[in-house]
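J.: The structure follows.
The values are calculated or read from the model by the stated rules, or taken from the named source; none is laboratory data. Note that the coordinates shown come from a computational prediction; the quantities given were computed from them, not determined experimentally. Cβ: placed from backbone, ideal geometry, glycine included. Neighbour counts: every protein chain shown.
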Amino acid sequence: MSPDRIIRMANQIATFFETASPAEAAEDVARHINDFWEPRMRAQLLALPPASAAALRPAVRAALPLLRPPARPAPAA
Amino acid sequence: MKDFVIPDRRDMGTPEVRGGPPVTLSIDGFSVTVPEGTSILRAAAEAGIPIPKLCATDSLAAFGSCRLCLVEVEGRAGTPASCTTPVAPGMVVRTQTERLKRLRRGVMELYISDHPLDCLTCAANGDCELQDMAGAVGLREVRFEAGANHFARRTAEGPNPRWRPRDDSNPYFVYDPSKCIVCSRCVRACEEVQGTFALTIAGRGWDSRVSPGMDETFFGSECVSCGACVQACPTATLIETSVIAIGTPDRVVKTTCAYCGVGCSFDAELRGDELVRMVPSKEGKANRGHSCVKGRFAWGYATHRERILKPMIRARITDPWREVSWDEAIAHTARRFREIQAAHGAGAIGGITSSRCTNEETYLVQKLIRGVFGNNNVDTCARVCHSPTGYGLKQTFGTSAGTQDFDSVEQADVVVIIGANPTDGHPVFAARLKKRLRGGARLIVIDPRRIDLVRTPHVQAAHHLALRPGTNVAVLTAMAHVIVTEGLFDEGFIRTRCDTAAFDDYAEFVADPRHAPEATEALTGVPAADLRAAARLYATGGNGAIYYGLGVTEHSQGSTTVMAIANLAMLTGNIGRPGVGVNPLRGQNNVQGACDMGSFPHELPGYRHISDDAARAVYESLWGVPISPEPGLRIPNMLDAAAAGSFRGIYIQGEDILQSDPDTAHVAAGLRAMDCVVVHDLFLNETASYAHVFLPGSTFLEKDGTFTNAERRINRVRRVMAPRNGLADWEVTLRLAQAMGADWSYAHPSEIMAEIAATTPSFAGVSYELLDRLGSVQWPCTAAAPAGTPVMHIDGFVRGKGRFIRTEYVPTDERTGPRFPLLLTTGRILTQYNVGAQTRRTENRRWHDEDVLEIHPHDAETRGIHDGDWVRLASRKGAISLRARLTDRVAPGVVYTTFHHPGTAANIVTTDYSDWATNCPEYKVTAVQVSPSNGPTESQRDLAGQAAAARRILPAAE
């Protein structure tokens, strides 16, 4: 999956939660991604190179440590 | 084969009256008690005393024209028509006296004097009320000499000037004026039931005739071919061409329509195993005896010559297909899937359930994926339509479902239609809605396009908020702003029923001046005064009911819009009783059911999250396999993963993702990258061009099961004829699971429903026995609600307290600019359905044989485009060509088309932008440019060429 798409999807989620409840945005973003993203998508988000990760909105970056790490290494994408 | 035959199909003469105080009277010496306001005709019918009648029927208001239902009432002068005379306490009625017999015979004699006596060769022979009544009144002679009449083609003096030829312009029924008795039932059905007002009685007295439009043909008039007139006609004047061709049916099987989410109940009328006609069931609770042109007439695809009846396989998608046995096809598929999993991991395959198949079939496909494939890579077409409804309503109310039944609309005072076009997409609901609007309810339409409901005979919307595509959230939040800042909200409801902290936060949010209609006007294009007036009307006009469609969900803020709708309903207390509610109009016949049955990659049946250990344990113990607690891939994610190489095999049941999903090039690239694509469908659809295995599917006429409609109503689908392809779809999935090592055994879909009921709390009380007994049931159907739940959230929300959620408007990334200055939005048309695989293979194509681009005359003029010209429609994704239609139904700056025809391939131009929460594609907003063109674009020609090559089938090697 292209990193651009992963970044765009994550940022879209953050955009909603930042405005819906700014205080809890990071937790909400993490919960949403944990609930709806297949492990290899989460793995890809967690493994974004720093240059790409810079494009993530603050709420996504704050959510990264709260993401459930995929149980097994994702197949090469 | 066990048929379900309706015990009672009697015509009671006039409509049922509900709720009046009881009135007792005597009819022919029998005491009868009926609600006040009931006609004598109906009261007699209820007492088992049918009074002869012609112009009366229980689907229409009494008319009193035929003078056959005359009765005598003690103490009253004359012989009143029993259809127009209401009952009164103590009334003494005689239905059969010498005087009445003489009068009725005289009336019949007059009728018959102007009616041809070709009964033996008439298509209605044996099914003709005129014939029945002639018998009932004992008509033995017609004393009138042959004279002026309407039925003889020629008279002694030459051609009969009163005779008119048969109108067979409509492909599904004929109109033969020579057999008409001018009872007006067809005209009244068109007005009262369908609300189209296409028919009238032209002329007076002897010149009276049924006339479509201004003396036009049926096909040329504004007739929408719903068939209500045909159903109402007591003679052969309006009759189905199928009855003319075959003869009268002798057997009835009750079933459910397989088109839109209204889920109409039908009586399939057969002779042997040949379907003669489909007649909507009067007792059908979704449709109440009405239907549209698709459900009633467009079933010929089931026997279309292009239907594939044998399984086929091929090694490469560039090879021609090779017909094989079911055993070989199943074994081949199972082997390929297991090989892929061995090489690339358990998660390298997945599947798509069908919103056109039954609940039982859908349940089995998700069971196959979760229990046999061993992952959660299951998704369904709801991904691309109502997945935001699932998410948005779950967050606010606690469950993903419409809150009402369709009967509820009869009690609505203000109806808000958002991003839906019911007269085209959900025509039977639209007919019921229009009836209520004619009765006085007021209408607010929020749609970029001037849909028919904005102004149609005897209906005019109080407000049409013609917003710019993509600004739903801004408009709905502005409505909430008006309701909150003007103090129009229902404080009592909010304090008792909703999370008050969330409300306080929300109220503070919407009260911000940046959400005022004046502030958003420039952005949305909706005049602030109109928006304020609409918000006030919804908040204060009585029962407010919101109905919405894909114009809400198919946006990058689809889920946010659903929440905004839920917020509005909670703000105004319009939840939890008849006449109000939040009602998603579901697109496909069983899209509600497909969602209910666990088709989403994050949810088990009954909307239980896959990480819920207790819910997983139910299935793990029953199925004897572990279930992954991780959400699986959604359709767009599957395609992305395929392009990246980690997803390589897919089982697609009854869904054409290449035509229906956005960004065709992206879908094609994903499919092309896979090693084994299995398409299970009726026809070689567009997706099948990329398939390695084709498993022929069965139609809704060929299997047992259930569909769940937009009002959560579980309706039975009954087998009308044997599957022409040999196996019902559930049997195919069953065999595939067995070939992959599962020890499943089901002998009948009722056993699958028993498993669903045993494992899904909201379906706990559902069984085929219950459905046979009650006809249908709305889930939740549990011990607490054994007959189902017509209205949800009555005493409390499913989640406890209703939750208000902030809905900030975020513009989509899809922007207009100098290169792509127009916004394209897409939709449906009445006669076609979804990708058109079914309806294109019926005579419905005569109404709509190509997709056209609606463009405002101003936009057309500046581009040098004339009506009917070929135009090129280009977006950042691709370009197609189609013909232009100039119309002011779309605002300047907006263009519109449908996606029913694969040749158009409208999804070449749509983008891969999607809803933030669910990845539901943003079909409704694409920045485009339109320019003159000479014909199809290169992409369209490539697709068509590729599809033609991919459909080659080798002769069977036998």
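J.: Restricting attention to the range B:916-956, report how many residues are closer than 30 Å to B:P601 by Cβ, surrounded by fewer than 21 Cβ atoms within 10 Å (Cβ to Cβ) and not hydrophobic (A, V, I, L, M, F, W, C). Show your work before the answer.
T.: First, pick out the residues of the range B:916-956 that are closer than 30 Å to B:P601 by Cβ: B:916-926, B:943, B:946-947, B:950.
Narrowing further to those that are surrounded by fewer than 21 Cβ atoms within 10 Å (Cβ to Cβ): B:946-947, B:950.
Then drop every residue that is not not hydrophobic (A, V, I, L, M, F, W, C), which leaves B:946.
Count: 1.
J.: Looking at the range B:69-94, which of the residues that are part of a loop (DSSP other than H, G, I, E, B) and either among the aliphatic types (A, V, I, L, M) or not assigned by TED's automatic domain parsing to the domain that holds B:P21 (or both) is farthest from B:P35 (Cα to Cα)?
T.: As a first pass, look at the range B:69-94 and keep what is part of a loop (DSSP other than H, G, I, E, B): B:69, B:71, B:74-80, B:82-85, B:87-91.
Pick out the ones that are also either among the aliphatic types (A, V, I, L, M) or not assigned by TED's automatic domain parsing to the domain that holds B:P21 (or both) and you get B:71, B:77, B:87-88, B:91.
Working: B:V71: 20, B:A77: 24, B:V87: 9, B:A88: 10, B:M91: 14 Å.
Among those residues, the one meeting the criterion is B:A77.
J.: Now, a different point. When the range B:446-462 is examined, which residues are found to be crowded, with 21+ Cβ neighbours inside 10 Å and farther than 17 Å from B:L830 by Cβ?
T.: Listed by number, the residues that qualify are B:I446, B:P448, B:A461.
J.: Can you spot a residue in the range B:325-344 that is within 30 Å of B:R712 (Cα to Cα), among the polar types (S, T, N, Q) and out of contact with any Gly (no Cβ under 8 Å at 6 or more places or on another chain)?
T.: no
J.: Sticking with this one: From (1) more than 21 Å from the chain's Cα centre (by Cα); (2) touching a residue at least 60 places away in the same chain (Cβ under 8 Å); (3) in the same structural domain as B:M674 (by TED's automatic domain parsing), pick out the condition that doesn't hold for B:Q395.
T.: Condition (3) is where B:Q395 drops out.
J.: Quick one: would you say B:D867 is at pLDDT 90 or above, assigned to a helix (DSSP H, G or I), over 30 Å from B:R305 (Cβ atoms) and not assigned by TED's automatic domain parsing to the domain that holds B:E603?
T.: no
J.: Surrounded by fewer than 17 Cβ atoms within 10 Å (Cβ to Cβ), of a type in the set (A, V, I, L, M) and in contact with a strand residue (DSSP E or B) (Cβ under 8 Å, 6 or more places away or on another chain): is that true of B:L368 in this structure?
T.: no
J.: If a residue counts only when it is within 14 Å of chain A (Cβ to nearest Cβ), modelled with pLDDT of 95 or more and over 23 Å from B:M638 (Cα atoms), which helices (runs of 4 or more DSSP H) contained entirely in the range B:529-624 have at least 3 such residues?
T.: Working: elements: B:550-553, B:558-571, B:591-596, B:613-623.
It comes to B:558-571.
J.: With (1) of a type outside the set (F, W, Y); (2) under 25 Å from B:F63 (Cα atoms); (3) out of contact with any helix residue (DSSP H, G or I) (no Cβ under 8 Å at 6 or more places or on another chain) as the list, and B:Q231 as the residue in question, which single condition is left unmet?
T.: (3)
J.: If the requirement is being polar (S, T, N, Q), within 14 Å of another protein chain (Cβ to nearest Cβ) and out of contact with any Asp or Glu (no Cβ under 6 Å at 6 or more places or on another chain), which of these qualifies: B:T782, B:T807, B:T831? Reasoning before the result, please.
T.: Details: B:T782 fails: within 14 Å of another protein chain (Cβ to nearest Cβ); B:T831 fails: within 14 Å of another protein chain (Cβ to nearest Cβ).
B:T807 is the lone residue from the list that is polar (S, T, N, Q), within 14 Å of another protein chain (Cβ to nearest Cβ) and out of contact with any Asp or Glu (no Cβ under 6 Å at 6 or more places or on another chain).
J.: Filter the range B:340-363 for residues that are away from every other protein chain (no Cβ under 14 Å) and either surrounded by fewer than 16 Cβ atoms within 10 Å (Cβ to Cβ) or among the hydroxyl-bearing types (S, T, Y) (or both) and give the result.
T.: B:T353, B:S354, B:S355, B:T358, B:T362, B:Y363
For (1) among the aliphatic types (A, V, I, L, M); (2) more than 30 Å from B:Y391 (Cβ to Cβ); (3) in contact with a strand residue (DSSP E or B) (Cβ under 6 Å, 6 or more places away or on another chain), each residue gets a yes or a no:
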residue: B:A860; (1), (2), (3): yes, yes, yes
residue: B:H866; (1), (2), (3): no, yes, no
residue: B:P936; (1), (2), (3): no, yes, yes
residue: B:D942; (1), (2), (3): no, yes, no
residue: B:G945; (1), (2), (3): no, yes, no
residue: B:P955; (1), (2), (3): no, yes, no
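J.: Examine the range B:91-112 for a residue that is touching a Lys or Arg at 6+ places or on another chain (Cβ under 6 Å) and either modelled with pLDDT under 95 or among the β-branched types (V, I, T) (or both), and state whether such a residue exists.
T.: Yes, that holds for at least one residue.
J.: In addition: Please state which one of B:A747, B:A742 is touching a helix residue (DSSP H, G or I) at 6+ places or on another chain (Cβ under 9 Å) and either assigned by TED's automatic domain parsing to the domain that holds B:F509 or at pLDDT 95 or above (or both). Give the steps one after another, and end with the answer.
T.: Working: B:A747 fails: touching a helix residue (DSSP H, G or I) at 6+ places or on another chain (Cβ under 9 Å).
Only one candidate qualifies: B:A742.
J.: Across the range B:625-652, what is the total count of residues that are within 12 Å of chain A (Cβ to nearest Cβ) and not in a helix (DSSP H, G or I)?
T.: 11
J.: Also, I was wondering about something else. Would you mention how many residues in the range B:644-657 are of a type outside the set (F, W, Y) and touching a Leu at 6+ places or on another chain (Cβ under 7 Å)?
T.: From the range B:644-657, those of a type outside the set (F, W, Y) are B:644-646, B:648-650, B:652-657; that's our starting set.
Restricting the remaining residues to those that are touching a Leu at 6+ places or on another chain (Cβ under 7 Å) gives none.
Residues in the range B:644-657 being of a type outside the set (F, W, Y) and touching a Leu at 6+ places or on another chain (Cβ under 7 Å): 0 in total.
J.: Go through (1) small (G, A, S); (2) buried (at least 24 other Cβ atoms within 10 Å of the Cβ); (3) under 29 Å from the mean Cα position of the chain (by Cα) for B:A641 and report which single condition fails.
T.: Among (1) small (G, A, S); (2) buried (at least 24 other Cβ atoms within 10 Å of the Cβ); (3) under 29 Å from the mean Cα position of the chain (by Cα), B:A641 violates only (3).
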